[in-house]
Amino acid sequence: MLSVLRSTSYRNLFTAQVVALLGTGLLTVALGLLAFDLAGERAGAVLGTALTIKMIAYVVVAPVMAAVVERLPRKVVLVAADGVRAMVALSLPFLDQIWQVYVLVFLLQSASATFTPAFQALIPLVLPAEKDYTRALSLSRLAYDVESLVSPLLAAALLSVLSYSDLFLGTMLGFLASALMVLVTRLPAIPAVAGQGSLLHRTTLGTRIFLREPSLRGLLALNLVVAAATALVLVNTVVYARDLFAGTNTDVALALAVYGAGSMLVAFAAPRVLEGISDRTFMLIGAAILPAGVLAAAVVAGSGSPWWVFLALWAVLGVGTSMISTPSSRLLRRVATDATRGSLFTAQFSLSHACFMLTYPIAGWIGAAAGQPAAALCLAVLAAGGTVAALVSWPAAAT
């Protein structure tokens with residue numbers, strides 16, 4: 001997997017991704033503490049609204065910005081987006097009104113919705129060989145999983161000697177370091193593309209290709225499967241660990257770490273495994289695992305199962321989500337042309353996050369109102385529906 005780091009351009013871009021992820025991780029912790037300072041016991045509602053704003057930016061802003069900046073040099077787009085994110089992060093400690101948090105979160109996430117698809121669309125140009133690209137996808141998945149473990153630990157260590165507002169400075173430095181790494185990287189030339197019609201046409205191009213291509217229709221359904229399992233883990237792990245199992249904050253971190261470990265295992269294995277089986281088979285195995293795993297979570301929540309069963313189940317959910325997420329960009333790469341690459345990566349970014357606008361409320365609201373078994377059961381039904389839809393819309397003959 002690490003052999004792709006011999007490419008100087010990819011190594012710089014991967015470093016930019018890692019430092020930006022660490023900065024974002026610090027931002028997550030600091031934003032929660034800022035919300036508590038401003039809203040006290042209503043901090044959860046503030047964070048919930050901020051997360052909703054984040055998803056709206058990802059779903060609505062990403063395709064519009066992709067169409068607006070498509071003729072600009074990629075380096076300009078990436079560095080400008082990082083610059084906006086750095087300035088917003090630096091501004092956050094000075095806020096004293098909740099509405100100001102919402103405005104700046106929208107600006108920051110709009111910049112992220114501009115940066116991430118453009119960044120992802122560059123990687124297949126930097127690493128044109130499919131084997132290298134697969135290794136890069138696994139490395140990227142590994143970076144996300146490691147960040148989810150390292151950032152909270154780093155934030156805890158920094159908070160022992162600094163105030164939470166200083167974490168925003170760390171976030172700013174992460175985005176500035178990302179911009180610097182992009183700035184010094186020799187990026188591949190993107191072929192000039194002739195005009196492709198109106199802004200509306202270009203904004204919806206990626207989604208229209210998704211609906212036309214069987215493999216991407218399958219990916220669209222699989223995004224819902226991933227969102228159902230991920231929402232269960234991200235929203236309700238704390239409830240399972242602290243309430244159902246009467247655990248501690250350390251137990252919450254352990255459960256999330258086990259979930260990440262399952263995902264990392266797939267990230268390590270995927271490049272070799274995908275040499276022997278098709279993406280469709282690999283991803284559909286993951287899609288079969290997840291509804292069963294989420295349904296098992298409903299049983300665990302209602303039956304008083306042992307703690308080790310819960311941890312094993314979270315590891316299985318990590319395996320299933322990574323089996324779908326890790327190779328997903330390979331499907332985009334195969335369908336994309338020079339004219340559609342940016343639109344396709346933007347559409348995947350936007351459409352996949354749209355699924356979370358459905359699954360996050362189900363996990364949180366139904367869990368709070370009707371209990372964890374009911375929430376997990378609803379998510380299992382959604383995941384099963386997504387799996388069936390993927391099987392139907394992505395026939396084996398279309399691989």
Would region 257-319 count as rounded, prolate or oblate if I go by the C-alpha gyration tensor, calling it rounded below 1.5 in a/c and otherwise prolate when a/b exceeds b/c, oblate otherwise? oblate
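Would you mind putting 85-94, 57-66 in packing order, based on average other-beta-carbon counts within 10 Å, highest first? Please list the in-between numbers first.
Values: 85-94: 19.5, 57-66: 22.1.
Descending mean neighbour count gives 57-66, 85-94.
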For region 201-392, size of Cβ-based charge dipole, Lys and Arg +1, Asp and Glu -1, in debye: 620 debye
The ³J(HN,Hα) series, computed from each phi in region 253-259 with the Karplus coefficients 6.51, -1.76 and 1.60 at θ = phi - 60°, rounded to the nearest Hz and given as x for glycine or proline, is 4, 5, 4, 5, 5, 5, 4
Using the Karplus curve 6.51 cos²θ - 1.76 cosθ + 1.60 with θ = phi - 60°, what ³J(HN,Hα) values do you get for each residue of region 84-92, in whole Hz, with x for Gly and Pro? 4, 4, 5, 5, 5, 4, 5, 7, 4
Which whole number in µm²/s is D for region 307-399 by Stokes-Einstein, with the Kirkwood Rh taken over Cα pairs at 10 °C and 1.306 mPa s? 101 µm²/s
Please list 382-388, 240-246 highest first by mean number of surrounding beta-carbon atoms within 10 Å per residue. 382-388, 240-246
Once every Cα of region 201-392 carries one equal point scatterer and solvent is ignored, give the base-10 log of I(q)/I(0) from the Debye formula at q = 0.13, 0.16, 0.17 Å⁻¹, two decimals. -0.67, -0.96, -1.05
Taking protein heavy atoms only, a 1.4 Å probe, and rounding to whole percent, the accessible area of the chain owed to carbon and sulfur comes out at 69 percent
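What translational diffusion coefficient, in µm²/s and rounded to a whole number, does the Stokes-Einstein relation yield for region 3-187 at 4 °C and a viscosity of 1.567 mPa s, taking the hydrodynamic radius as the Kirkwood radius over Cα pairs?
76 µm²/s
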Read phi for every residue in region 224-241 and hand back ³J(HN,Hα) as whole Hz from Karplus 6.51 cos²θ - 1.76 cosθ + 1.60, θ = phi - 60°, with x for Gly and Pro. 5, 4, 4, 5, 5, 5, 5, 4, 4, 6, 5, 7, 10, 4, 5, 5, 4, 5
Accessible area (Å², per residue) of region 1-132, counting only protein heavy atoms and a probe of 1.4 Å: 44 Å²
Answer label, with P(r) over Cα pairs in 20 Å bins from 0, in percent calculated from the coordinates and candidates [x] 26, 53, 17, 4, 0; [y] 27, 62, 11, 0; [z] 26, 58, 15, 0: [y]
State the Cα centre-to-centre distance between region 358-394 and region 304-319 in whole Å. 18 Å
Using a 1.4 Å probe, what is the accessible area per residue for region 285-393, in Å²? 36 Å²
Among 214-223, 67-76, what's the highest-first ranking by average C-beta atoms within 10 angstrom per residue? 214-223, 67-76
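The values are calculated or read from the model by the stated rules, or taken from the named source; none is laboratory data. Treat the numbers as computed from the prediction; the structure is a model and nothing was measured. In this analysis, Cβ positions are derived from the backbone assuming ideal geometry, glycine residues included, and neighbour counts consider all displayed protein chains. These area figures cover heavy atoms from the full protein model, side chains too; ligands, DNA and RNA do not enter into them. Shrake-Rupley method; radii C 1.70, N 1.55, O 1.52, S 1.80 Å.
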